[in-house]
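The values are calculated or read from the model by the stated rules, or taken from the named source; none is laboratory data. This structure is a prediction, so every number in the text was calculated from the model and none was measured. Cβ atoms come from the backbone with ideal geometry, glycine included; neighbour counts cover every protein chain shown.
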Amino acid sequence: MLIKTRLKSSTELSSFKMLTVCPFLAVTTTISRSFAMAVAFAFTLILAQLIVALFKKHIPLKLRTLFYVAVTAFCASLCELLFFITAPFVAKSLGIYLPILAVSCIILVRLESTKVEVFGGVAIIDSLVTTLQMFFVLIGAAFIRELFGNGTLFADVYGNGGIIVFNNAPVPVLITTAGVLFLAGFAAAVAKVIVKNRKNSARGAKKY
């Protein structure tokens, strides 16, 4: 477990998770684009998790990390090919962020976390949970960015059309790359405050 052994503290792990999510947040300019990215992520993770669950027992421990990378690259390439066949305009709008799934640390961490004894069905359920988490993160970020950064909702993958909510976007900077980084940092700060308050509340309850 190369990644997990180097990230010993919860703070380091949280920072690592934030860094791995940032490339996906770059595509959250519209809800439709985020949905497409979530579908691509789900396909790649579930297929990779299933393949690993089937063959992990037969792979030597020293070769497992290499095996995970190869499987992830294969699944991401297959996903990209299917997108270009079925929805080329969507694949084109996602750009480099579609093939970047091949080196996604989130997928690699999930594959590493799968125990050798885990069956395919359990592995798929675990992948679905991770996929749902990613789905809510992407759609939530897209909703805020599209609504306040572009003034619309449900525009296409290129940001055209959709429901016009504001004639002038309230916070146009949110639609930029700097805007999504600011949004991610703000969300991380809020989450940290919530966790800290819960810990303080738990400590206070123990004293009484």
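So, of the residues in region 118-157 that are surrounded by fewer than 16 Cβ atoms within 10 Å (Cβ to Cβ) and small (G, A, S), which turns out to be modelled with the highest pLDDT?
G140
Evaluate region 166-181: report whether one residue or more is touching a residue at least 40 places away in the same chain (Cβ under 8 Å) and exposed (fewer than 14 other Cβ atoms within 10 Å of the Cβ).
Yes - at least one qualifying residue is present in region 166-181.
Using the structure shown, decide if V193 is assigned by TED's automatic domain parsing to the domain that holds I51 and either at pLDDT below 80 or among the β-branched types (V, I, T) (or both).
Judged against the criteria, V193 is not a match.
Please note which helices (runs of 4 or more DSSP H) are completely contained in region 1-111 and include at least 1 residues that are polar (S, T, N, Q), over 12 Å from the mean Cα position of the chain (by Cα) and at pLDDT 80 or above.
31-55, 64-86, 88-94
Before we move on, is A155 closer than 26 Å to S34 by Cβ and part of a loop (DSSP other than H, G, I, E, B)?
Here the answer is yes, as A155 does meet what is asked.
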